[in-house]
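What follows is a set of notes on a single structure, which appears directly below.
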Amino acid sequence: IRSETGLMAEAAREAHRGFLSRVTRGRPWMRIKAASSLDGRIALANGESRWITSEAARRDVHALRARSCAMLTGIGTVLRDDPQLTVRDVECRRQPRRVVIDSRLDMPAGAKILSGEPVLILTVSDDAARRKVLEERGAEVVRVANEGAKTDLAAIARLLAERGFNEVTVETGGKLMGSLLRAGVVDELVIYYAPLLLGDTAQALFALPEWTRLAEAMRPRIVDVRAVGPDIRVTARLGG
């Protein structure tokens, strides 16, 4: 009997990239999803961002959420947009776990994200009173390692892996997206570019340092570009 090995190995690795990341690197495959204008802006200076992209792009985002084990956001996004971060209007076997980085436990008790399945809140705060309020709303509050007054993002990535999350999709603001990129825990960028220009006073896509040399810049590898309605979806990978 003749046997062959290694057939479709690359396709298999791609299909199981989240699991492989978790068991070999000790962290999930982390994907940043963002909606941007053509000039790289995610919101006006006053915070208005609904909606930059089309309905077709938003439907596509829900398909992306549906394949995720968890959705990660920051408290700034919760306070500004009051999102649900659930999968809607597409087939979904189970809702992804919603995770919020909330260093000071500023989460409002009436936030939409606290409805439905229990939310995981990651914090460096030891405010027992605030913790009790959120736990009474059904949230799971976990204290994580800190870097000064901020959460340790590498430690958070390890914690998410320990929870069994293979793929995590990040939907948040430019500041936290930039911090995750600088921490080296992001594997993939999925950016929906809409055909509009918001100008230089609008909020930038990523809050990153001001490079002094081009050699210092991050260089993601573009792996896919396609039209989604009137918008363009660009998928890029970081690392090897």
* Quick one: putting +1 on the C-beta of Lys and Arg, -1 on the C-beta of Asp and Glu, what dipole do you get for the chain around its Cα centre, in Debye to the nearest 20? -> 500 debye
* Structure fact -> With +1 at each Lys and Arg Cβ and -1 at each Asp and Glu Cβ, the charge dipole magnitude of the stretch 36-154 around its Cα centre, to the nearest 20 debye, comes out at 260 debye
* **Cα convex hull of the chain - mean projected area over all directions, nm²** => 16.2 nm²
* Could you please state, rounded to a whole Å, how far the C-alpha centre of the stretch 63-139 is from the C-alpha centre of the stretch 1-53? => 21 Å
* Given charges of +1 on the Cβ of Lys and Arg and -1 on the Cβ of Asp and Glu, with all other atoms neutral, how large is the dipole of the stretch 92-154 about its Cα centre, in debye to the nearest 20? -> 320 debye
* To do: Over all alpha-carbon pairs of the stretch 1-99, lay out the pair-distance distribution in 5 Å bins, whole %, shortest bin first.
  => 2, 10, 15, 19, 18, 13, 10, 6, 3, 2, 1, 1, 0, 0
* In nm, give the distance between the simple-model label positions of ALA11 and ARG50, each being 7 Å from the Cα along the Cα-to-Cβ direction. => 4.2 nm
* Asked: What GluC sites (Glu not before Pro) in the stretch 171-240 are in a loop by DSSP, with at most 15 other Cβ atoms within 10 Å of the Cβ?
  -> GLU210
* To do: Estimate the FRET efficiency between VAL23 and TRP211 by the formula 1/(1 + (r/R0)^6), using the beta-carbon distance for r and 35 Å for R0, to the nearest 0.05.
  => 0.55
* **Estimated FRET transfer efficiency (ALA183, ILE1; beta-carbon r; R0 45 Å; 0.05)** => 0.35
* For the stretch 130-144, take each phi angle, set θ = phi - 60°, evaluate the Karplus expression 6.51 cos²θ - 1.76 cosθ + 1.60, and give the result in whole Hz per residue in order, putting x for glycine and proline. => 5, 4, 4, 4, 6, 5, 5, 8, x, 6, 9, 10, 10, 7, 10
* **Proxy reagent accessibility, fewest Cβ within 10 Å first, across THR172, THR201** => THR201, THR172
* Asked: Restricting the count to DSSP beta bridges whose residues both fall in the chain, what percent are antiparallel, rounded to a multiple of 5?
  -> 40 percent
* Structure fact -> For the stretch 65-167 the GluC sites (Glu not before Pro) that pass both the DSSP coil test and the at-most-15 other-Cβ-within-10 Å test are GLU91
* Structure fact -> Among ALA194, ALA139, THR151, the residue whose Cα sits farthest towards the positive end of the charge dipole of the stretch 93-209, when +1 is placed on the Cβ of each Lys and Arg and -1 on the Cβ of each Asp and Glu, is ALA139
* Asked: For the chain, the longest stretch holding no chymotrypsin sites (Phe, Trp or Tyr not before Pro) located in a DSSP loop with at most 14 other Cβ atoms within 10 Å is which?
  -> 52-210
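No lab work stands behind these numbers, since they all come straight from the coordinates. All values reported here derive from a predicted model rather than from experimental measurement. As a convention, Cβ positions derive from the backbone with ideal geometry for all residues, glycine included, and neighbour counts pool all protein chains shown.
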